[in-house]
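Student: Provided herewith is a single structure, encoded as structure tokens, for subsequent inquiry.
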Amino acid sequence: FCSCRGKTARVINYEEFKKALEELAPKRFKDKSKEEAYEAICQLVAGKEPINVGVTKAKTVGAVERLTDTSKYTGSHKERFDESGKGKGKSGRENIVDTSGYVSAYKNAGTYDAKVKK
């Protein structure tokens with residue numbers, strides 16, 4: 001498809017795809033004429049969509065399995081994940097300081113306005 005698309009293009013449009021099929025058809029069907037080969041290759045691709053052939057699968061063997069199993073993390077590292085094993089993000093990596101003005105572990109924070117009537 002490189003000969004049918006522009007030098008900087010990453011995708012091809014339908015017209016470029018048809019041009020590529022015209023170039024590939026005689027190579028695929030050597031015993032047929034150009035027109036017959038083009039019709040045959042059009043029948044091969046009719047009603048189909050692109051597929052990913054040879055896509056690399058994620059491996060879960062050896063060290064990768066150990067490193068991705070969050071139940072085996074200990075110490076401060078286990079604080080980075082919730083019960084389901086999903087990462088907590090920034091709150092799991094850093095100690096976020098409460099700057100609300102209340103003493104830590106104060107249970108009635110934010111209730112002063114309800115107690116004092118104006």
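Student: In the chain, which longest range has no GluC sites (Glu not before Pro) that are both DSSP loop (not H, G, I, E or B) and surrounded by at most 12 other Cβ atoms within 10 Å?
Tutor: 1-82
Student: Here's something else I'd like to know. Using a 10 angstrom Cβ neighbour count of at most 16 plus a DSSP loop assignment to flag exposed chymotrypsin sites (Phe, Trp or Tyr not before Pro), which longest range of the chain is free of such sites?
Tutor: In short, 2-72.
Student: Here's a follow-up. Please give the contour-minus-distance gain from SER33 to ARG5: 0.36 nm per residue of separation, less the Cα-Cα distance, rounded to one decimal in nm.
Tutor: 7.6 nm
Student: By how many degrees, 0 to 90 and rounded to 10, does the Cα axis of helix 34-45 deviate from the longest principal axis of the chain?
Tutor: 30 degrees
Student: Same structure, new question: Cross-chain or 8 or more residues apart, Cα under 26 Å: how many lysine pairs in region 1-71 fit that? Count them up, please.
Tutor: Taking region 1-71 as the scope, the lysine pair count is 18.
Student: A follow-up question, please. Can you bin the chain into rounded, prolate or oblate? Criterion: square roots of the alpha carbon gyration tensor eigenvalues sorted a ≥ b ≥ c, rounded for a/c under 1.5, prolate for a/b above b/c, oblate for the rest.
Tutor: Prolate, because a/c is 1.5 or more and a/b exceeds b/c.
Rule-based calculations on the coordinates, nothing more; no lab input. Because the structure is a prediction, the values reported are computed rather than measured. All Cβ positions, even for glycine, are placed from backbone atoms using ideal geometry, and neighbour counts span all protein chains on display.
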